[in-house]
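The values are calculated or read from the model by the stated rules, or taken from the named source; none is laboratory data. Since this is a predicted model, take the numbers as computed values, not measurements. Positions of Cβ are generated from backbone atoms using ideal geometry, with glycine treated the same way; all protein chains shown enter the neighbour counts.
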Amino acid sequence: MEDSRIPIWMINAERNIGDSSNIQLIVSQVEENKIPGLNADGDAGHPFLMKGVETISGQVNGFYNIAPALSNVAATFNAAAMGGGFTGGMALPLGLNLFAGLTVDGFAGNFWDASTTPGLLNPTVPTDPAAAPGWLLLNAFTQFGFTGQPGFPAGVSDPNGNFGETNLMPITGLTPLSPTEVTWQPDEASSAFEYMANATFATFNTFTSFTGAGGLTGFESEWVKDYPDDSDVNGGFRFRNSTDGGLNWSVNYFYHYSGNPNIDLSWRDANGDELIVQRAPTLFFDTNGTPGPQQNDTFVPDVATSLSRDEARANWDMGNATTILVHDGAGNYSGALDPSGVLPALADGNPFNDAMAMGTGAPSLRFTEKLHRVNSLGTSFDYALEAGDIPLVLRGEFLYDEGEKQPVIDKFLLSIGDLTNALKMEDADYFKYVLGADITVATNLLISGQFIQFRNLDFVDDSDTCRTQTGVTMDCSRYTADFATMSLTN
């Protein structure tokens, strides 16, 4: 608990004005609150971790650790697609860029034949004796990667496997870890992939890189502190006065950094420069010869279009999925494969005979811990009177904070894999007040009562539901979260 005592320097100057007024000036050091777990290692084992902080940095449920683990699973699927795992063994150089029409729930909520030809995944129906639920296969790839798969070295564990370390899937057992001990309920999501049920497999390509050995891997997350310089200070004043009638009042203003750090998420390239998020709609190409879209047709992200959040939401209801792409200011796309090279490659109508269009590799997911400036304007009063023979003091304090921050969760954007916009710290103004009364009922006996309320004047509560690719209704609301208690379980 020693971190709860934060020594800072402060300069306080005040002067009386006349017989009943006083003015006070304050300059103080900027120092943030020390919040257990709000750092890259998450302070595992700390006895006083808030659930909200653990959801940011925790080893199992923390977004900081879940996101890279999820990207490793994306790398497994990208490698499977390129190796022909979804196309009968025919190599697919464009990889998951051709899977903008298949979502996480579209895979997990359907049935696949993975046993007739080991190493290949073929869509099938539940009555097929070889059918396996997609969520079992998703969990197998999630936890084990290519471990034990044909062509993978025997006795070697795939480093892209999660092996139960982070909460990617709602597993029901760990001793031993089994692909079959898992559930799938996007309507009651409690794991990362359930929350991302509407993310396309083409989005997965954005999260991946080629390694030096020719394999694929995911991205890394990084934690950066961006705090004010030592020369930055807090400053404010207070004016206090008393009237002849016994009313004491004051007006206060404080221009300061909030004591509570906020976390900003962003994608960064290898140089640390911030990248641009693009929500790309889906283009359909009839490549199987049967009129109309079928599962084995080709669906690619439209790199020429960038959707707003509302446009992506409307498109989803019309059956058009959104792929999350990331690029720099020059139009160079992140990911193992370049999505902007897909349309030229498909010009001949054959997706199997094209050369790979290389992307710039996976971006880094940066968590930036920072403080923000707040304008605080307040006033207070107290007034003494007598109710019969009983002395009574009425008092009140009022504070308006302009420029504070609030965590806003957008479950629709989370469902499509827009990670950096799904959890954002947005501006919020707060009004806080206290009304109280102190009653002296006997010598040395004082009774006090007070009413305290904090009001968020920019509170967000936009309820919404959407349907997954298999027709499951899930929560797609956008709302202000409670930073202390938000969790994957709520």
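The table below gives the values:
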{"read-out": "Qualifying residues in segment 1-58 (those that are part of a loop (DSSP other than H, G, I, E, B) and charged (D, E, K, R)) - the one modelled with the lowest pLDDT", "value": "5"}
{"read-out": "Subset tally (residues that are under 20 Å from residue 261 (Cβ atoms) and either out of contact with any helix residue (DSSP H, G or I) (no Cβ under 7 Å at 6 or more places or on another chain) or part of a strand (DSSP E or B) (or both)) for segment 403-427", "value": "13"}
{"read-out": "Residue match in segment 446-461 (condition: among the basic types (Lys, Arg) and either modelled with pLDDT under 95 or buried (at least 17 other Cβ atoms within 10 Å of the Cβ) (or both))", "value": "no"}
{"read-out": "Residue within segment 101-115 that is modelled with pLDDT of 90 or more, closer than 22 Å to residue 359 by Cα and assigned to a loop (DSSP other than H, G, I, E, B) present", "value": "yes"}
{"read-out": "Filtered residue count, segment 3-56, keeping only those that are farther than 30 Å from residue 488 by Cβ and charged (D, E, K, R)", "value": "5"}
{"read-out": "Subset tally (residues that are among the small types (Gly, Ala, Ser), assigned to a helix (DSSP H, G or I) and within 13 Å of the chain's Cα centre (by Cα)) for segment 59-96", "value": "1"}
{"read-out": "Residue within segment 414-427 that is more than 20 Å from the chain's Cα centre (by Cα), of a type outside the set (Lys, Arg) and loosely packed, with under 15 Cβ neighbours inside 10 Å present", "value": "no"}
{"read-out": "Residue match in segment 263-284 (condition: small (Gly, Ala, Ser), part of a loop (DSSP other than H, G, I, E, B), out of contact with any Asp or Glu (no Cβ under 7 Å at 6 or more places or on another chain) and under 30 Å from residue 69 (Cα atoms))", "value": "yes"}
{"read-out": "Number of the exception - residue 484 against (1) more than 25 Å from residue 324 (Cα to Cα); (2) in a strand (DSSP E or B)", "value": "(2)"}
{"read-out": "Inter-residue pairs, beta-carbon under 9 Å, first farther than 19 Å from residue 71 by Cα and in contact (Cβ under 8 Å) with a residue 40 or more places away in the chain and in segment 133-154, second of a type outside the set (Asp, Glu) and part of a helix (DSSP H, G or I), 6+ apart", "value": "133/108"}
{"read-out": "Any hit, segment 68-87, residues being crowded, with 21+ Cβ neighbours inside 10 Å and of a type in the set (Val, Ile, Thr)", "value": "yes"}
{"read-out": "Top-ranked residue of segment 380-402 - restricted to ones that are part of a strand (DSSP E or B) and of a type in the set (Gly, Ala, Ser), ranked as farthest from residue 221 (Cα to Cα)", "value": "387"}
{"read-out": "Residue among 299, 254, 284 that alone is touching a Ser or Thr at 6+ places or on another chain (Cβ under 6 Å), in contact (Cβ under 8 Å) with a residue 60 or more places away in the chain, of a type in the set (A, V, I, L, M, F, W, C) and closer than 21 Å to residue 201 by Cβ", "value": "299"}
{"read-out": "Hits in segment 316-332 (condition: without any contact (Cβ under 8 Å) to a residue 40 or more places away in the chain and either among the hydroxyl-bearing types (Ser, Thr, Tyr) or touching a helix residue (DSSP H, G or I) at 6+ places or on another chain (Cβ under 8 Å) (or both))", "value": "331"}
{"read-out": "Residue check for residue 277: under 27 Å from the mean Cα position of the chain (by Cα), closer than 25 Å to residue 372 by Cβ, among the β-branched types (Val, Ile, Thr) and at pLDDT 95 or above", "value": "yes"}
{"read-out": "Only one of 435, 365, 377 that is touching a residue at least 60 places away in the same chain (Cβ under 8 Å), under 24 Å from residue 243 (Cα atoms) and either of a type outside the set (Val, Ile, Thr) or part of a strand (DSSP E or B) (or both)", "value": "377"}
{"read-out": "Output for segment 302-311, where each listed residue is free of Cβ contacts under 8 Å to residues at least 24 places away in the same chain and among the aliphatic types (A, V, I, L, M)", "value": "304"}
{"read-out": "Extreme residue, nearest to the chain's Cα centre (by Cα), among residues of segment 313-330 that are surrounded by fewer than 10 Cβ atoms within 10 Å (Cβ to Cβ) and of a type in the set (Gly, Ala, Ser)", "value": "329"}
